[in-house]
Amino acid sequence: MEIRLRTDADMPALLAALKATHEVDTYPVLPNHVTKEWLLEGDDGMAWVAEHDGDVVGHIAVATTEEDPDSLSVHRLFVRPGARGQGVASALLTTVETYSKVLGQDLFLEVLSHNVEAIRLYESRGWKRVGGYVAVWTGPEGTHPDINIYASPHNDASHVLDVGAGRPTE
Ligand SMILES: CC(C)(COP(=O)(O)OP(=O)(O)OC[C@H]1O[C@@H](n2cnc3c(N)ncnc32)[C@H](O)[C@@H]1OP(=O)(O)O)[C@@H](O)C(=O)NCCC(=O)NCCS
């Protein structure tokens, strides 16, 4: 398996993988977010794919954290259902953890409560839940999803993110 920077040529394979991920995991929550625009939204162009035997099987991006311009957030992490449980997401996470360390920036992420496999993976890698809030937007059933905020184990432990800024908090 190879981790490399995303290119435009990866889009068809990534959208097919994202569609399958939506069907299995409700990620993204809304079916009309299975688009190139949603995938690229806010990632500052720093994004990587995992390739296995010539197939693009996973994706990850980083973006500036909404509340803190000196921190990075993980965005759009997913692995095609047929390629899971083989360390693809772990390799993608290692890539962004290394990237943020090289830049000297702390790394955070947001995960919905129903994405239980992702939460288990983050916690097994030492990520810690540092807060959460209820989304202002609604899912297909008209409910407001719970969003959890996690901090990378490599962060400066004294760095507390003001997750409530500008958002409805728990
Ligand atoms: C969460 C997600 C990205 C994980 O992808 P993945 O490639 O299966 O993840 P990994 O293989 O790295 O790790 C998954 C598990 O397999 C284990 N694993 C890793 N390498 C392995 C290997 N070679 N053999 C067997 N198991 C392995 C890991 O230890 C991990 O177990 P844990 O969760 O109990 O710690 C994937 O389930 C997904 O796309 N979910 C839907 C989208 C989503 O929720 N994204 C997160 C948004 S915030």
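If we keep just the residues of region 108-117 that are aliphatic (A, V, I, L, M) and under 21 Å from Thr64 (Cα atoms), which is farthest from the chain's Cα centre (by Cα)? Give the steps one after another, and end with the answer.
Start the filter on region 108-117 by keeping residues that are aliphatic (A, V, I, L, M), which leaves 109, 111-112, 116.
From what's left, under 21 Å from Thr64 (Cα atoms): 109, 111-112.
Details: Leu109: 6, Val111: 7, Leu112: 10 Å.
Out of the qualifying residues, it is Leu112.
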(request) Among what's in region 95-118 and is among the acidic types (Asp, Glu) and within 8 Å of the ligand (Cβ to nearest atom), pick the residue that is farthest from Ala47 (Cα to Cα). (result) Glu117
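Can Arg76 be described as crowded, with 18+ Cβ neighbours inside 10 Å, charged (D, E, K, R) and more than 12 Å from the chain's Cα centre (by Cα)?
Working: crowded, with 18+ Cβ neighbours inside 10 Å: yes; charged (D, E, K, R): yes; more than 12 Å from the chain's Cα centre (by Cα): no.
Spelling it out, it is not the case that Arg76 is crowded, with 18+ Cβ neighbours inside 10 Å, charged (D, E, K, R) and more than 12 Å from the chain's Cα centre (by Cα).
Name the residue, out of Leu77, Leu92, Leu121, that is of a type in the set (A, V, I, L, M, F, W, C), at negative phi, modelled with pLDDT of 95 or more and more than 7 Å from the ligand (Cβ to nearest atom).
Details: Leu77 fails: more than 7 Å from the ligand (Cβ to nearest atom); Leu121 fails: more than 7 Å from the ligand (Cβ to nearest atom).
When all the criteria are applied, what remains is Leu92.
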(request) Please work out which residue is nearest to the ligand (Cβ to nearest atom), limiting yourself to region 25-52 and to residues that are part of a helix (DSSP H, G or I) and surrounded by 14 or more Cβ atoms within 10 Å (Cβ to Cβ). (result) Asp25
(request) Could you please tell me which pairs satisfy a Cβ distance under 7 Å, a separation of 6+ or placement on different chains, a first residue in region 106-122 that is under 16 Å from Tyr133 (Cβ atoms), and a second residue that is charged (D, E, K, R) and more than 7 Å from the ligand (Cβ to nearest atom)? (result) Leu112/Asp146; Ser113/Asp146
(message) Of everything in region 1-44, what is more than 20 Å from Glu110 (Cα to Cα) and among the aliphatic types (A, V, I, L, M)? Give them in sequence order.
(response) Met1, Ile3, Leu5, Ala9, Met11, Ala13, Leu14, Leu15, Ala16, Ala17, Ala20
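The values are calculated or read from the model by the stated rules, or taken from the named source; none is laboratory data. Only a predicted model underlies this, so the values are computations on that prediction, with no experimental measurement involved. All Cβ positions, glycine included, derive from the backbone under ideal geometry; neighbour counts span all protein chains shown.
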